[in-house]
Each structure stands twice: as structure tokens, then as C-alpha cells.
Amino acid sequence: MLKWALDQPERYLIEDDYDSEFRYRGKPIPAFQSSDKYGKVIYIGTFSKSIAPAIRVSYMILPESLLEIYRKKCYFFSSTVSRIDQRILNEFIRDGYFERYLNKMRKSYKDKHDLLLEELEPLKEKFLISGENAGLHILLTCKKENDNDVTSERSFIDRAAREGIKVYGLSDTLIKPRKEKRATLLLGYAALEKTEIKAGVESLMKAWL
């Protein structure tokens, strides 16, 4: 990809290193930007998952070659984030609190992640589990194709809702319909207590098995 970007002077890659802070198995995967020696990667991110969505802070790390263009064309944009919040966040990162906070949250999320996978074992007969070991959600893909309404995403979502459980269909996140005919459900766990995870999976088994 870097070679492709180097073929033309105006080509750049945009890297959104989503959920990179939360990895629970193996070594952390380095950012693509760390391998960029030619200033071809624009690195973007947000603190919405690592701290809180309410602070509405994102960031962009530009190659030096784009800094002057940015200053000329974007100088008039005014940040809507409170300067006080920005100052606090700056000190939070600068003084090492953010790193210690991430280590604490990574352990908390790992415990929930491992518990969820353990509780989902009975569902493996019907679903493939993917997207684990990183991030704040996992995916369940029905092993049977959507040959009837019982195996459709909508059916799984509605049956879970009747048990008081909110799940999301992967199709709702896509720009174009996918060719895959198997229903895929997204399960988030970050905001749940361990007791809620156990109770939630029990309800999903009642709804889906």
C-alpha cells in the first residue's frame, strides 16, 4: 500500500486505528503509520472509546509535507471542543495518567471479553464467533444461510428484543448489501457488568436455541 502511495506525489493513505488500545491476546499490532518513512500516511483517531464519547475529541496526525497546506486551507475552522477540556486532556496524557488509565481499562475489558466468550460456548453449535481478542464487541455469524425468516438478522434481533436484549445486525452498518447470506449479529460488552453478561447470554440462548 505504501508503494502504491509512492507512485503518485498526491497519493496518501488515511489510517483510522480504531480500537487499537484494546487488544487482549498477543502483542499489540503497530500502527501502519509507524512504518511510513515517506510521509504518506494521515493518521486519525478519537478518544470516544478510550475515555468517553461525551468529550467529542478526535485528532489527526499529518505528514510534515501537508502541514503548510492544512494551515492555508483550514486555518479558519474553529474547534467546538471546550479549551478547558482540551487542556485537561493534554495534561492527562502528558503526565502519564492516560497510559495508566488504559492499562486499568484494558484489564477490565479483557475480563468481560473472556467471560463473554466462555458464556457463549453453547451457541457455537449454531454460530461462528469472530472479531474476538480485540476491540469492545464480537460478531456471531449464523452457520446456516438465510433460507427462511428464522435465520435472518431481523429475526434474531426481534427474538432477542422479546427477551429484553438489544443486539445489532451487521447489515445495518454497511453501505452496500453484502453477498454473504448468513446473518451476523454484533454483541457489545464494554458497558455491562459481569452479572449482566451472564444474564444476557442466558436470555439469548432462550431466544435463539
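The values are calculated or read from the model by the stated rules, or taken from the named source; none is laboratory data. Please read all numbers here as calculations on a predicted model, not as lab measurements. Here the Cβ is made from the backbone with ideal geometry for all residues, glycine too, and neighbour counts use every protein chain on show. What goes into the accessible areas is simple: the full protein's heavy atoms, side chains included, and nothing from ligands, DNA or RNA. Shrake-Rupley method; radii C 1.70, N 1.55, O 1.52, S 1.80 Å.
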Choice from V81, V41, V57 with maximal GNM fluctuation in the chain (Cα, 10 Å cutoff): V81
GluC sites (Glu not before Pro) restricted to the stretch 173-204 and DSSP loop, no more than 14 other C-beta within 10 Å: E180, E193
Cα-based shape type of the stretch 1-102, given that a ≥ b ≥ c are square roots of the gyration tensor eigenvalues and the cut on a/c is 1.5: oblate
Top of Y24, Y101, Y75 by mean-square fluctuation, Gaussian network on the chain, Cα under 10 Å: Y75
Rounded tilt (10° steps) of 97-119 against the dominant C-alpha axis of the chain: 20 degrees
Dipole of the chain, positive end: most advanced residue of T46, C74, V57 [Cβ charges, Cα centre]: C74
Within the accessible area of the chain (1.4 Å probe), percent carbon and sulfur: 54 percent
Length-normalised contact order for the stretch 1-128 - Cα pairs under 8 Å, 6+ apart - percent: 20 percent
Distance violations [Cα-Cα > 28 Å] among K72/K176; K126/K198; K124/K181; K112/K143; K112/K181: K72/K176; K112/K181
DSSP-assigned coil residues among trypsin sites (Lys or Arg not before Pro) in the stretch 158-209, each with at most 14 further Cβ atoms within 10 Å: K166, R178, K179, K181
Options (i) 18.0; (ii) 20.2; (iii) 17.5 - which one matches Kirkwood radius over Cα pairs in Å as calculated here: (ii)
Rounded, prolate or oblate (a/c below 1.5 giving rounded, otherwise prolate when a/b exceeds b/c) for the stretch 97-148 by Cα gyration tensor: prolate
Helix axis angle, 194-208 relative to the chain longest principal axis, alpha carbon, degrees: 50 degrees
Residues of type aspartates and glutamates that K104 reaches as a straight line, Cα spacing below 14 Å, ignoring anything fewer than 8 places off in the same chain: E21
Qualifying GluC sites (Glu not before Pro) in the stretch 1-53, DSSP loop, other Cβ atoms within 10 Å at most 16: E10
For the chain, size of Cβ-based charge dipole, Lys and Arg +1, Asp and Glu -1, in debye: 240 debye
The stretch 70-134: projected area of the alpha-carbon convex hull, averaged over directions, in nm²: 8.1 nm²
Degrees between helix 153-162 axis and first principal axis of the chain (Cα, 0 to 90, nearest 10): 70 degrees
Cα centroid of the stretch 168-209 to Cα centroid of the stretch 77-133, whole Å: 19 Å
